[in-house]
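A.B. asks: I have a structure here, written as structure tokens, and I will follow up with some questions on it.
The values are calculated or read from the model by the stated rules, or taken from the named source; none is laboratory data. Since the structure is predicted, the reported quantities are computational estimates derived from the model, not experimental observations. Please note: Cβ atoms are built from the backbone with ideal geometry, for glycine as well, and neighbour counts cover all protein chains shown. The protein model used for the area step is the full one, side chains on, heavy atoms only, and it has no ligands, DNA or RNA in it. Shrake-Rupley method; radii C 1.70, N 1.55, O 1.52, S 1.80 Å.
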Amino acid sequence: MTEEFTPLPAVVRDVYDVVVARNPHEPEFQQAVHEVLDSIVPVLEAHPEFVANGIVERIVEPERQIIFRVPWTDDAGGIHVNRGFRVQFSSVLGPYKGGLRFHPSVNLSIIKFLGFEQIFKNALTGQGIGGAKGGSDFDPRGRSDAEIMRFCQSFMNELYRHLGEHTDVPAGDIGVGAREIGYLFGQYRKVTNRHESGMFTGKGVQWGGAEVRTEATGYGAVFFAEEMLAVHSETFEGKRVAVSGSGNVAIYAIDKAYQLGAVPVTASDSSGYVVDDAGIDLDLLRRIKEVERGRISEYVLARPDARFVEGARPWEVPVDVAIPSATQNELDESDAQALIANGVRAVAEGANMPSTPGAVAAFQKAGVLFGPGKAANAGGVATSALEMSQNAARQRWSFSDSEAKLRAIMQRVHDSAYAAAERYDRPGDYVVGANAAGFERVAHAMLAQGVI
Ligand code: NDP
């Protein structure tokens, strides 16, 4: 992606050059650092003490990186070895917090980009949580429940020693949902002899999980888009929406878009996308993806008026709002131009860094309301922090109370990104606003806690 990067101002250029030299084969990590450094230049100009105290030099280096072997046996007795990762990026605001991703594409670059983003996202929520990310290059697709369980147990046999409710609290991400979290938590409990509810979030609601955590990221992304539209006196009512992905984030983004009167018309997976002009049949989608763990192409077998487009992404479909909710760099500049040509009004990133730098620049130039993942998908981790609070207090809040709290948090996240953009003379630029507001909070805490 480096060809799309714009040159950085002098105040951050040296730091970026060190990041590139020190992490030479990590394009996603470099991309995430570039984006943040580019946006915080006005903050550094306003706060020379951040520069004098080496805040930026320190924040781009993870506090700790753990890489480990994960051996496991398949149902036929064959032995496999995967690689496990946990990058504990910053604990200055609270225990490390961030999900685990199981996907064959996982490598150190991807985990570091996600961990880096997580620091500022978590800061933006206003809660006391640090930033981390982890996972493995394990591919859960086509594996039996017993194989998934053995993999999760082997993964936790190493990771448990680095976790704890005051140390590091993982959650789910791509390929890690309720089933995997159950197996991971179970093994942690077994090897530590502690039923420590607060060491994992996204748990089943029957055993310590919080209401609305499952829905939180997708719902939150729609709430964020709703806030952006409200600034311009618009609503979701009657709007066509393109969602990519068909996993946890996508499903609940579709669900909430319907509740707000919109018509979500697309869903996708890594094989292609479906477009259903009558509106995505959410029950059908959930049955295929959550119950049968099938492929998106099966959708059109039950909905003959819908179309499956193999090997493509849904951005060519005319819509008013786009919510990319699958993976990083899934929406490039030409996709952005197609959406703009079709009159898209707002883009809210449900996934982490789904838009390439060229796509972001195109949206901003065209005046499209653009909510970066760091802000728009912060509802997931924010609700995880609510789960931690409930676990610590041994309480359980109702669905409606929890959703009201999520709604209020997304409004706060929106307002603080919006206000920071105004403060730094970039009105309406939520990328600058989110990065600046998150960074300011982290930087003040680092300043207060000394050089460690
Ligand atoms: P899921 O595993 O539930 O779903 C992922 C979806 O994205 C699947 O439809 C998957 O299709 C698709 N996908 C994954 N990789 C690719 C790829 N390389 N190309 C095309 N499609 C792909 O994950 P989530 O819904 O939890 O996560 C989606 C995104 O949201 C990620 O970027 C994640 O980091 C982000 N996110 C998630 C949060 C959460 O609470 N879950 C919180 C904040 C951000 P297939 O099955 O074919 O791989």
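A.B. asks: Beyond 20 Å, what percent of the Cα pairs of the stretch 216-376 remain?
C.D. replies: 41 percent
A.B. asks: Of all the accessible heavy-atom surface of the stretch 64-207, with the other protein chains kept in place and a 1.4 Å probe, what percent is carbon and sulfur?
C.D. replies: 47 percent
A.B. asks: Any idea which of 448, 20, 78 is furthest toward the positive side of the dipole for the chain, if Lys and Arg beta-carbons carry +1 and Asp and Glu beta-carbons -1?
C.D. replies: Of the listed residues, the answer is 78.
A.B. asks: In the structure shown, do any of 256/289; 121/289; 133/256; 203/289 have a Cα-Cα gap over 24 Å, and if so which?
C.D. replies: Those over the limit are 121/289; 133/256.
A.B. asks: Here is a follow-up. Could you point to the residue in 102, 187, 134 farthest towards the positive end of the chain's charge dipole, with +1 and -1 charges on the Cβ of Lys/Arg and Asp/Glu respectively?
C.D. replies: Sorting the options by dipole projection puts first 187.
A.B. asks: Can I ask one more? Please list the helices of the chain that count as membrane-span-like by this rule: a mean Kyte-Doolittle hydropathy of at least 0.0 together with Cα atoms stretching 15 Å or more along the helix axis, each helix being a complete DSSP H run.
C.D. replies: 10-22, 108-124, 213-231, 248-259, 379-393, 430-449
A.B. asks: For the chain, what's the radius of gyration and Dmax over Cα atoms, in angstrom?
C.D. replies: 20.8, 63
A.B. asks: State, as an integer percentage, the relative contact order of the stretch 216-376 based on alpha-carbon contacts under 8 Å between residues 6 or more apart.
C.D. replies: Answer for the stretch 216-376 is 24 percent.
A.B. asks: Here is a further query. Using helices alone, I'd like the mean residue ellipticity at 222 nm for the chain: each DSSP H run of four-plus residues gives -39500 (n - 2.57), total over residue count, nearest 500.
C.D. replies: -14500 deg cm²/dmol
A.B. asks: Across 5 Å bins from the origin, how do the percents of Cα pairs in the stretch 64-207 run, short distances first?
C.D. replies: Once binned at 5 Å, the Cα pair distances of the stretch 64-207 give 2, 10, 21, 24, 21, 13, 6, 2, 1, 0.
A.B. asks: Using Cα centres only, tell me the gap between the stretch 191-229 and the stretch 276-318 in whole Å.
C.D. replies: The two parts, judged by their Cα centres, are 26 Å apart.
A.B. asks: Continuing with this model, one more query. Just how far, in whole angstrom, is the stretch 321-399 from the stretch 76-141 if you go by their alpha carbon centroids?
C.D. replies: A separation of 18 Å, based on Cα centres.
A.B. asks: Now for a different question. Express the carbon and sulfur contribution to the solvent-accessible surface of the stretch 216-376 as a percent, rounded to the nearest whole number, probe 1.4 angstrom.
C.D. replies: Result for the stretch 216-376: 48 percent of the exposed heavy-atom area is carbon or sulfur.
A.B. asks: For the stretch 356-452, what's the relative contact order in percent, using C-alpha pairs closer than 8 Å and at least 6 residues apart?
C.D. replies: Over the stretch 356-452, the number comes to 26 percent.
A.B. asks: Then there is this: May I ask you to give the solvent-accessible area per residue for the stretch 163-315, in square angstrom, as obtained with a 1.4 angstrom probe?
C.D. replies: It amounts to 40 Å² per residue over the stretch 163-315.
A.B. asks: Let me ask another. Heavy-atom accessible area per residue, the stretch 10-59, 1.4 Å probe: how many Å²?
C.D. replies: Each residue of the stretch 10-59 exposes 44 Å² on average to a 1.4 Å probe.
A.B. asks: Taking the Cα centre as origin and putting +1 on Lys and Arg beta-carbons and -1 on Asp and Glu beta-carbons, what dipole magnitude results for the stretch 10-59, to the nearest 20 debye?
C.D. replies: Roughly 100 debye, rounded to the nearest 20.
A.B. asks: Put one equal scatterer on each alpha carbon of the stretch 96-156, apply the Debye formula with no solvent term, and list log10 I(q)/I(0) at q = 0.27, 0.29 1/Å to two decimals.
C.D. replies: Debye intensities relative to I(0), on a log10 scale: -1.02, -1.10.
A.B. asks: Hey, another quick one. Determine the relative contact order of the chain: mean sequence separation of Cα pairs under 8 Å and six or more apart, normalised by residue count, in whole percent.
C.D. replies: 15 percent
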